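*Asks:* Sharing a structure here in C-alpha cells format.
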Amino acid sequence: MPRKTVAIRGLNTELYTEVFSMAKKDGKNVADVVNNALEQYLNNDGTEAVTAGQTLSNSAEFIL
C-alpha cells in the first residue's frame, strides 16, 4: 500500500517525542511503529488494552 503524509489532530506531542526517540533507538521510523500499533489495535478489535512493557505479537514494546 502506498504511503502518504497524514496529520493527526490532537496528538499528544510528548507521546510523539517519546515514540520518535524509541523508534530511532530501535532503528525504526515512527510510521512503522504507529502502523504496527494501529494494526495491533484493529486485530484486537480495540477491546484489549496493552500496557507499556507488554510484548506484542509484532515485537513492539508499547501501543499508542
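*Asks:* Based on what the data block shows, is G10 modelled with pLDDT of 90 or more, part of a loop (DSSP other than H, G, I, E, B) and over 11 Å from the mean Cα position of the chain (by Cα)? Can you show your working first?
*Replies:* Details: modelled with pLDDT of 90 or more: yes; part of a loop (DSSP other than H, G, I, E, B): yes; over 11 Å from the mean Cα position of the chain (by Cα): yes.
It is true that G10 is modelled with pLDDT of 90 or more, part of a loop (DSSP other than H, G, I, E, B) and over 11 Å from the mean Cα position of the chain (by Cα).
*Asks:* Given the criterion surrounded by 12 or more Cβ atoms within 10 Å (Cβ to Cβ), assigned to a helix (DSSP H, G or I) and either at pLDDT below 95 or within 9 Å of the chain's Cα centre (by Cα) (or both), identify the matching residue among A60, A37. Let's see the steps before the verdict.
*Replies:* Working: A60 fails: assigned to a helix (DSSP H, G or I).
On inspection, the qualifying residue turns out to be A37.
*Asks:* Enumerate the pairs (first residue in the stretch 30-57 and farther than 15 Å from L11 by Cβ; second residue anywhere and modelled with pLDDT of 65 or more) with beta-carbon separation below 6 Å, excluding pairs fewer than 6 apart on the same chain, so at least 6 apart or on different chains.
*Replies:* Close Cβ pairs (under 6 Å, with a partner that is modelled with pLDDT of 65 or more) amount to L56/Q40.
*Asks:* Scan (1) surrounded by fewer than 12 Cβ atoms within 10 Å (Cβ to Cβ); (2) at pLDDT 90 or above; (3) assigned to a loop (DSSP other than H, G, I, E, B) for the single condition L42 breaks and write down its number.
*Replies:* (3)
The values are calculated or read from the model by the stated rules, or taken from the named source; none is laboratory data. Remember, predicted model here, so these are calculated numbers, not experimental data. Because the Cβ atoms are built from the backbone with ideal geometry, glycine has one as well, and the counts that use them run over all protein chains shown.
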